[in-house]
Amino acid sequence: MDSLWLEYAWTLLILIGLEGLLSADNALVLAVIAKHLPEDQKKRAINYGIIMAFAFRFAALFAISFIANVWQIQAIGAAYLLYLGLKHIIKARFGKENENIREEVEEEAAGKGFWPTVGKIALADLAFAIDSILAAVALALGLPDSPLDDFGGMDGGQFIVVVIGGIAGLILIKYAATWFVKLLDQRPALETTAYAIVAWVGVKLAVITLAHEDIGVLDHDFPHSTVWTLIFYGVLVAIALIGWFAPTNKSLEKEKL
């Protein structure tokens, strides 16, 4: 039983770290959306937007709990996570970063009143949350069943992990985003690392899909096996270490000099 909760705690820790890295840019965009408002309304707009976003996220989590074990949904989620992660990696490696994205968001938000801005913040957060929610579900579905009662179509313990991850994302956007922004400035490779982890989580969800009882390509118990667990977390830790120790732009510039 202790090992069960240890695995849950470890997964939750990974999820919170991933949420933090993914929320850094999201928080900046949310701040830009409210930038046109008077100073005394900016903070309120973001706070109200986050409250609305919490309701939206919980509704999304509640809905997904009933369909998380449907293999078609799992397959779509796996494909989306793989697409999202690989797209960002390829863009970071070969593409050019869109430096005007914040200006475009600001121009689009300019002129909107207080409540329309609040609504835009909430909807923007929900759009940003899709990747983290799917990643949370993928990580949770790979966990062994807990002794808790089911919620919707998910094991109760797995659902709690997803909910805590969703709440953590909003808390990090509100309170810790600045720290993560600074961290990404110091170690810019971590942003690509986060999306590499998203893609790897997509692989995990694909494995879960292939082991679904209605598919049967893989053994039903394989996603919970020791072998796959070691492979998954081994690769995940390797990705994280590579991202952490990757050379920064400053160090590369020094090498050129």
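The values are calculated or read from the model by the stated rules, or taken from the named source; none is laboratory data. Quick caveat, the model's predicted, so the values are computed rather than measured. No Cβ is skipped: glycine too gets one built from the backbone with ideal geometry, and neighbour counts run over all protein chains shown.
A compact table of results
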{"item": "Residue match in the stretch 29-36 (condition: within 22 Å of ALA196 (Cα to Cα), surrounded by 16 or more Cβ atoms within 10 Å (Cβ to Cβ) and touching a residue at least 24 places away in the same chain (Cβ under 8 Å))", "result": "yes"}
{"item": "Restricting the stretch 140-172 to residues that are within 12 Å of the chain's Cα centre (by Cα) and either of a type in the set (Val, Ile, Thr) or assigned to a loop (DSSP other than H, G, I, E, B) (or both), the residue that is nearest to SER3 (Cα to Cα)", "result": "VAL162"}
{"item": "Residue in the stretch 62-84 that is in a helix (DSSP H, G or I), crowded, with 18+ Cβ neighbours inside 10 Å and at pLDDT below 85 present", "result": "yes"}
{"item": "Residue count, the stretch 234-246 (criterion: under 19 Å from GLU191 (Cα atoms) and free of Cβ contacts under 8 Å to residues at least 12 places away in the same chain)", "result": "4"}
{"item": "PHE128 being at pLDDT below 85 and more than 30 Å from PRO223 (Cα to Cα)", "result": "no"}
{"item": "Unique residue being touching a helix residue (DSSP H, G or I) at 6+ places or on another chain (Cβ under 7 Å), surrounded by 13 or more Cβ atoms within 10 Å (Cβ to Cβ) and modelled with pLDDT under 85 when the list is ILE101, ILE46, ILE89", "result": "ILE46"}
{"item": "Restricting the stretch 177-202 to residues that are touching a Ser or Thr at 6+ places or on another chain (Cβ under 8 Å) and more than 17 Å from HIS88 (Cα to Cα), the residue that is surrounded by the most Cβ atoms within 10 Å (Cβ to Cβ)", "result": "PHE180"}
{"item": "Pair list, Cβ < 8 Å and 6+ apart or interchain, from the stretch 209-232 residues that are outside any loop (DSSP other than H, G, I, E, B) to residues that are at pLDDT 90 or above and of a type in the set (Gly, Ala, Ser)", "result": "THR209/ALA75; THR209/ALA78; PHE222/ALA211; PRO223/ALA211"}
{"item": "Test: residue in the stretch 38-51 that is touching a residue at least 40 places away in the same chain (Cβ under 8 Å), outside any loop (DSSP other than H, G, I, E, B), within 17 Å of TRP179 (Cα to Cα) and hydrophobic (A, V, I, L, M, F, W, C)", "result": "no"}
{"item": "Residues of the stretch 241-257 classified as assigned to a helix (DSSP H, G or I) and either exposed (fewer than 10 other Cβ atoms within 10 Å of the Cβ) or at pLDDT below 90 (or both), total", "result": "11"}
